[in-house]
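Chemist: Below you will find the structure I want to go over with you.
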Amino acid sequence: MGGDEPYGVAALRGLRGELPPFDGEREAEHWVRLREVVRGLRDQAEAGRADHAVDYAEQVIEVLCSAAQQVTGNAGELPELMQQALAGHATACRRSRPDPQRLASWLVRFQLNYPDGPEVALSEYADALGHEGITSYRRTARRACRELPTVPFGRTPRYDRRRWAVLRLMEELARFTGDVDVEVQWLATDLSTPWQYLRIATVLEDAGRTAEALAWVERGLVATQGSRAEVRLVDMAVDACLRLGKTTRALQLARNAFRDWPGLDTYLRVRTVADRADRWPAQREWARRWLRAQGEDPGRNSVLVQILLWDSEIDTAWAVAAERGCSDQVWAALAAERVMQHPEQVLPVYRRLVRRRIAVGGPEHPADVVELLESLGMAWEKAADDGRAKFHRYVEELKRECSGNRALLTELARRGL
């Protein structure tokens, strides 16, 4: 090897065109020569020959990564050797300070050409790249990202090697620089789910860019109509509107969410916004009228009863449930609120709930049945002087009827009934 030829170059030249395979008679020889090449790189980087080591390291890394792309099955020491070679390259760059734009170009190209290669940590190259190199790196990376097609809502993302490499590169760039625009750009390549819109909006909101966050949320609302996750988008949009002083828009969004997903949670969201605008009484009446106008829909009726319960209008809630019906769960909540003032009225409700629970899931959920029975017993005691005796007779009759339901009988015995 000539005096000006960096240590290991001859070994590297000898490997070109011979890798892989890494099996058969020459396997041991290949590994010996690969270790020699990487050791030579490390020695150059650490022994003051960093100027030679940068170019040499890039050759070594590309040879190793090319070999790794062709290996099937166990790659042996290749991943570790590639990582060592990249570490040697970073050391050489820190010491020799190569042209920053050229270095930036090589780093981007390397990651795109070898997606399965070692991961580049920009913190290891920060000194060598400097402001000029990072700027060039960012420009090249963002150009590559713009070339990726965006995955639209409802589609399944498909990651080919280049797409995966670009996104990994952009993610590391965003992490290292803290550049919000870079993070938003790579997140925006995949808009297949509502959560992506939320992630983007959250990044912008955390950066204090509320107006941009709201714009992304509203894009998400348009794209994801009919998705339950839209409620989360509405919540974020409402919060952003309130911070920006757009109270009317916030109230409109909250009302739309209530109509799309009527429930106590969306009702309370309307209340929160309306309170800020001193418009709650009118909005409360609007919500109730809208629910009553939905006809005999059991779900809407249940929500109306829940709302009346929340607003402590127990008598009205009872009348609505009796007239329009509601779910068993809401009937149980209503009976629990009604039992203290009108225990005699809740007795038939609890008996009906006990029978229905046994019919639809008693063997699987005996504890639920027994809890309803205990509530029934309390109501009977309050309703009549001999209520406890009547309740015990009812339980004994129920046991005879359910003699084949071992799970229920066991749970009754465990509770002392």
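The values are calculated or read from the model by the stated rules, or taken from the named source; none is laboratory data. The model shown is predicted, which means the values in this text are computed figures rather than measured ones. Here the Cβ is made from the backbone with ideal geometry for all residues, glycine too, and neighbour counts use every protein chain on show. We work out accessible area using only protein heavy atoms, side chains counted, and drop any ligands, DNA or RNA first. Shrake-Rupley method; radii C 1.70, N 1.55, O 1.52, S 1.80 Å.
Chemist: Out of (1) open to solvent by less than 10 Å² (accessible area, probe 1.4 Å); (2) out of contact with any Ser or Thr (no Cβ under 6 Å at 6 or more places or on another chain), what's the single condition that is false for GLN185?
Modeler: If we test GLN185 against (1) open to solvent by less than 10 Å² (accessible area, probe 1.4 Å); (2) out of contact with any Ser or Thr (no Cβ under 6 Å at 6 or more places or on another chain), just (1) comes out false.
Chemist: Please go through (1) outside any helix (DSSP H, G or I); (2) modelled with pLDDT of 80 or more for ASN74 and return the number of the only condition it doesn't satisfy.
Modeler: Only one criterion is unmet by ASN74, namely (2).
Chemist: Among the residues of region 92-99, is any open to solvent by less than 10 Å² (accessible area, probe 1.4 Å) and at pLDDT below 95?
Modeler: yes
Chemist: Another one. GLU296 - would you say it is of a type in the set (Asp, Glu), modelled with pLDDT under 90 and either open to solvent by 50 Å² or more (accessible area, probe 1.4 Å) or over 14 Å from PRO262 (Cβ atoms) (or both)? Talk me through it step by step, then tell me what you get.
Modeler: Numbers: of a type in the set (Asp, Glu): yes; modelled with pLDDT under 90: yes; either open to solvent by 50 Å² or more (accessible area, probe 1.4 Å) or over 14 Å from PRO262 (Cβ atoms) (or both): yes.
When the stated conditions are applied, GLU296 passes them.
Chemist: In addition: For region 227-262, how many residues meet the condition of being without any contact (Cβ under 8 Å) to a residue 12 or more places away in the chain and not charged (D, E, K, R)?
Modeler: Total meeting the criteria: 2.
Chemist: Next question. Just checking, which of GLY416, GLY387, GLY404, GLY325 is of a type outside the set (Lys, Arg) and within 38 Å of the chain's Cα centre (by Cα)?
Modeler: GLY325
Chemist: Name the residue, out of ASP179, ASP190, that is over 24 Å from GLU80 (Cβ atoms), touching a residue at least 40 places away in the same chain (Cβ under 8 Å), open to solvent by less than 60 Å² (accessible area, probe 1.4 Å) and under 19 Å from the mean Cα position of the chain (by Cα). Before the answer, list the steps.
Modeler: On the way: ASP179 fails: under 19 Å from the mean Cα position of the chain (by Cα).
That would be ASP190, the only listed residue that is over 24 Å from GLU80 (Cβ atoms), touching a residue at least 40 places away in the same chain (Cβ under 8 Å), open to solvent by less than 60 Å² (accessible area, probe 1.4 Å) and under 19 Å from the mean Cα position of the chain (by Cα).
Chemist: Within region 150-171, which residues are touching a residue at least 12 places away in the same chain (Cβ under 8 Å) and open to solvent by 90 Å² or more (accessible area, probe 1.4 Å)?
Modeler: Within region 150-171, ARG155, THR156, ARG161, ARG162, TRP164, GLU171 meet the criteria.
Chemist: On the basis of being among the aliphatic types (A, V, I, L, M), closer than 30 Å to LEU204 by Cβ and open to solvent by less than 90 Å² (accessible area, probe 1.4 Å), does LEU103 make the cut? Talk me through it step by step, then tell me what you get.
Modeler: Numbers: among the aliphatic types (A, V, I, L, M): yes; closer than 30 Å to LEU204 by Cβ: no; open to solvent by less than 90 Å² (accessible area, probe 1.4 Å): yes.
When the stated conditions are applied, LEU103 does not pass them.
Chemist: Also, quick follow-up: Can you name the residue in region 226-267 that is in a loop (DSSP other than H, G, I, E, B) and under 30 Å from ARG292 (Cα atoms) and, of all such residues, is most open to solvent (accessible area, probe 1.4 Å)?
Modeler: In this case the residue turns out to be ARG228.
Chemist: So, one more: Considering only region 142-154, I want to know if a residue exists there that is charged (D, E, K, R), within 23 Å of THR272 (Cα to Cα) and in contact with a helix residue (DSSP H, G or I) (Cβ under 9 Å, 6 or more places away or on another chain). I'd like the intermediate steps shown before the answer.
Modeler: Keep residues of region 142-154 that are charged (D, E, K, R), which gives 142-143, 146-147.
The next check asks that each one be within 23 Å of THR272 (Cα to Cα); those that pass are none.
Within region 142-154 (the criterion being charged (D, E, K, R), within 23 Å of THR272 (Cα to Cα) and in contact with a helix residue (DSSP H, G or I) (Cβ under 9 Å, 6 or more places away or on another chain)), the answer is no, since none of the residues qualifies.
Chemist: Further question on the same structure: Step by step: first the residues of region 297-318, then only those that are part of a helix (DSSP H, G or I) and among the hydroxyl-bearing types (Ser, Thr, Tyr), then the one that is nearest to GLN341 (Cα to Cα). Which residue is that?
Modeler: Once the filter is applied, the top-ranked residue is THR316.
Chemist: Within region 273-296, restricting attention to residues that are over 22 Å from ASP235 (Cβ atoms) and outside any helix (DSSP H, G or I), which residue is nearest to the chain's Cα centre (by Cα)?
Modeler: GLN294
Chemist: Follow-up question, since we're still on this one. Of the conditions (1) in contact (Cβ under 8 Å) with a residue 40 or more places away in the chain; (2) farther than 30 Å from GLN225 by Cβ, ARG139 satisfies every one except a single condition; which number is it?
Modeler: Of the numbered conditions (1) in contact (Cβ under 8 Å) with a residue 40 or more places away in the chain; (2) farther than 30 Å from GLN225 by Cβ, the odd one out for ARG139 is (1).
Chemist: A follow-up question, please. Give the residue that is farthest from ALA335 (Cα to Cα), with candidates limited to residues of region 369-404 that are modelled with pLDDT under 85 and in contact with a helix residue (DSSP H, G or I) (Cβ under 6 Å, 6 or more places away or on another chain).
Modeler: Ranking the candidates gives CYS402 first.
Chemist: Mind listing whichever residues of region 178-226 are farther than 16 Å from ARG142 by Cβ and of a type in the set (S, T, N, Q)?
Modeler: Of everything in region 178-226, those that are farther than 16 Å from ARG142 by Cβ and of a type in the set (S, T, N, Q) turn out to be SER192, THR193, GLN196, THR202, THR210, THR224, GLN225.
Chemist: Say we look at region 194-225 and pick out the residues that are of a type in the set (Val, Ile, Thr) and open to solvent by less than 50 Å² (accessible area, probe 1.4 Å); which of these is modelled with the lowest pLDDT?
Modeler: THR224
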